[in-house]
Amino acid sequence: MKGSFSEHIKRFKEGNYISFDEFYNELNRPIFYNIYSLTRNYELSEELLQETFTKFLMNVVYIDEGENVLGYLIAISRNLTLDYFKKYGRVRNFEEHEEVHVNDKNSIDKTLLLDKIAKILKPKELEIFTLHVLSEMTFEEIASLKKIAIGTVLWSYNNSIKKIRKGLGEL
Amino acid sequence: MKKYDDKDIIKKFSDAKDYEIKTRSDAILNNFLKLKEAQTNKVEEKKTPKNRKMFIFGGLGVGSIALAAASITLAIVFVSEPNNPNSPNNPSDPVIPPSLVSVENNTLASEFLTFSNFRDYGTLQNNVKNLININRKHQVKNINSNSFEIIVDNYDSIHDGIYNILNKDELFKIEEKAQNNQELYGKTYKFVDRYYSSSDNFTNSFMEFYYDDINRIDEEETSAKGLMKLDEEYFDCYLNKESEAEENESELELELFLIDKETEEMVVVNKESEYGGHESEDSYSIAYYQSQNDYRRDEDKFIYKLSYEIEKEGREEELEIQVETQSSQCEYQNIKLINDDPLTYSFLVEYEDERNDIEVEDFEVVLKYVDGKRYYTGGDLEEVRI
């Protein structure tokens with residue numbers, strides 16, 4: 001899915017951000033859905049998406065040009081999201097859930113479904129599941145990102161599908 | 001292993017992928033440039049009126065030369081393209097001449113450079129001290145105000161170096177492999193690398209490294225020798241570097257020796273760095289000897305030695321610094337940022353001084369930067385440095 005970003009990184013390190021729009025548009029969706037899988041809230045996910053890419057640019061001089069950029073961004077986004085929860089607790093998150101319920105029918109289904117799935121799956125299973133289903137990463141990419149064997153990724157994913165079918169009944 | 005049929009489940013989430021992300025790339029760039037500018041302003045505010053170039057490499061400290069040399073030799077490996085004139089640079093950024101190439105994209109070089117600040121360890125020249133002793137008579141844990149003052153003095157003499165390790169906001173550029181015709185100490189080296197700092201907008205080189213060649217022994221091992229010029233002083237410089245890189249993992253070992261051409265003082269730098277995925281571990285030491293003979297006879301016969309270890313996992317960074325002399329040993333552990341505004345760090349101190357009969361363990365100190373002053377608080381004691 002994602003090509004090499006080394007040319008972008010090289011330019012950013014030199015203070016040349018002319019290709020940032022292209023870079024961002026290629027990577028924003030997997031990062032956004034990775035955040036969304038944790039927050040289940042679009043507005044908050046937008047905020048954290050912006051924070052993730054800002055943080056990335058602030059630290060770009062320390063990133064190797066051969067670095068797995070997607071993995072790096074996913075790690076930043078997860079840490080920022082978890083920091084957010086630590087800082088503000090989950091209260092605001094739940095409050096905003098209520099707003100989503102009122103305003104967006106699609107979001108209701110998605111949010112409730114994710115909430116249910118989060119209860120069924122173990123954290124590591126949920127992560128692999130959301131990286132594949134929401135962030136659209138291939139199993140090879142997930143294996144590379146998580147530094148685990150592809151067989152382990154597939155095993156976890158298949159196990160998750162079984163659990164979801166059983167836990168949610170007829171889909 | 002075969003993937004299970006998951007079409008129905010994926011379909012359930014397909015609507016979510018229709019969501020149009022509202023955050024635009026230009027909003028992120030603007031936000032980033034504002035933050036970068038604010039960070040630059042904060043650093044400028046923090047710095048003392050002391051000349052920045054001098055703060056980085058100035059003075060007589062041989063250690064600064066060692067660090068500078070290491071940075072030069074490492075930086076040779078990295079060449080980047082000149083700045084694109086169309087790039088939307090932060091207006092506050094200095095204008096970099098196109099003939100200069102990046103140093104800062106080499107993390108190791110940057111780290112070596114920051115450590116030049118540690119040359120001031122244990123000295124307090126031109127440092128205005130203002131002791132505010134809230135309760136002089138009261139013993140806090142195992143520390144009294146005199147011990148606290150020593151601990152603060154020692155930390156304060158290297159606070160800028162520590163700040164730079166944690167923030168890495170220095171900017172250096174290099175003019176690489178320029179032709180040299182100048183004879184120095186009876187020899188004309190073929191090339192010279194000139195180092196420039198953002199502190200004077202890259203207008204004057206503050207350091208020069210003269211050499212004939214970089215000896216690449218094989219893919220992993222590089223050695224170099226040459227002559228270093230810094231503040232009109234010259235040093236013989238020898239370096240050996242071994243690096244190994246595999247997918248997502250890399251290791252580096254570096255040894256650097258510098259000998260002052262006039263005083264024969266010697267500096268030995270050792271650096272080890274391991275990087276794997278989102279974890280990295282760096283250890284570094286710089287030891288100062290009165291002469292080569294002292295070093296050869298006994299490696300522990302240093303005047304003083306500073307070492308540090310930094311571990312990084314994801315966004316978490318843990319820094320530990322140890323400084324040893326022949327009669328004392330001080331460790332600053334778990335140095336970490338606890339607040340951005342005002343800039344505040346905390347650390348634990350272990351200090352042992354045989355000569356002054358001081359022993360301190362697990363003493364927590366908080367350092368706050370306010371209005372150009374540095375406020376150190378530990379227990380009921382506070383000291384201010386300007």
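May I ask you to verify whether B:Leu337 is closer than 30 Å to B:Glu249 by Cβ, under 19 Å from the mean Cα position of the chain (by Cα), exposed (fewer than 15 other Cβ atoms within 10 Å of the Cβ) and not polar (S, T, N, Q)? Don't jump to the end; show me each part of the working.
Working: closer than 30 Å to B:Glu249 by Cβ: yes; under 19 Å from the mean Cα position of the chain (by Cα): yes; exposed (fewer than 15 other Cβ atoms within 10 Å of the Cβ): yes; not polar (S, T, N, Q): yes.
Yes; evaluated as a whole, the condition is true for this residue.
Per-residue answers, yes or no, for (1) in contact with a Lys or Arg (Cβ under 7 Å, 6 or more places away or on another chain); (2) within 14 Å of another protein chain (Cβ to nearest Cβ); (3) in contact (Cβ under 8 Å) with a residue 40 or more places away in the chain:
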residue	(1), (2), (3)
B:Arg296	no, no, no
B:Phe302	no, no, no
B:Tyr308	no, no, yes
B:Lys312	no, yes, no
B:Ile321	no, no, yes
B:Val365	no, no, yes
B:Tyr369	yes, no, yes
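Between residues in the stretch A:15-37 that are more than 7 Å from chain B (Cβ to nearest Cβ) and without any contact (Cβ under 8 Å) to a residue 60 or more places away in the chain and residues that are buried (at least 20 other Cβ atoms within 10 Å of the Cβ) and among the hydroxyl-bearing types (Ser, Thr, Tyr), which pairs lie under 8 Å by C-beta distance while being six or more apart or on different chains?
Going by the 8 Å Cβ cut-off, the qualifying pairs are A:Ile35/A:Ser45; A:Ile35/A:Thr52; A:Ile35/A:Ser77; A:Ile35/A:Thr81.
Filter the stretch A:38-63 for residues that are under 19 Å from A:Glu136 (Cα atoms) and free of Cβ contacts under 8 Å to residues at least 24 places away in the same chain; which is farthest from the other protein chains (Cβ to nearest Cβ)?
Checked the stretch A:38-63; the qualifying residue farthest from the other protein chains (Cβ to nearest Cβ) is A:Ser45.
Every residue in the stretch A:148-171 that is charged (D, E, K, R) and touching a helix residue (DSSP H, G or I) at 6+ places or on another chain (Cβ under 9 Å), please. So that I can check it myself, show each step before the final result.
As a first pass, look at the stretch A:148-171 and keep what is charged (D, E, K, R): A:162-163, A:165-166, A:170.
Scanning the stretch A:148-171 gives A:Lys163, A:Arg165, A:Lys166.
Before we move on, is B:Glu299 surrounded by 16 or more Cβ atoms within 10 Å (Cβ to Cβ), over 22 Å from the mean Cα position of the chain (by Cα) and modelled with pLDDT of 80 or more?
On the way: surrounded by 16 or more Cβ atoms within 10 Å (Cβ to Cβ): no; over 22 Å from the mean Cα position of the chain (by Cα): yes; modelled with pLDDT of 80 or more: yes.
No, not satisfied.
The values are calculated or read from the model by the stated rules, or taken from the named source; none is laboratory data. Predicted model, so just to flag it, every value in this text is computed and none were measured. Cβ sites come from the backbone with ideal geometry, for glycine too, and all protein chains shown count toward neighbours.
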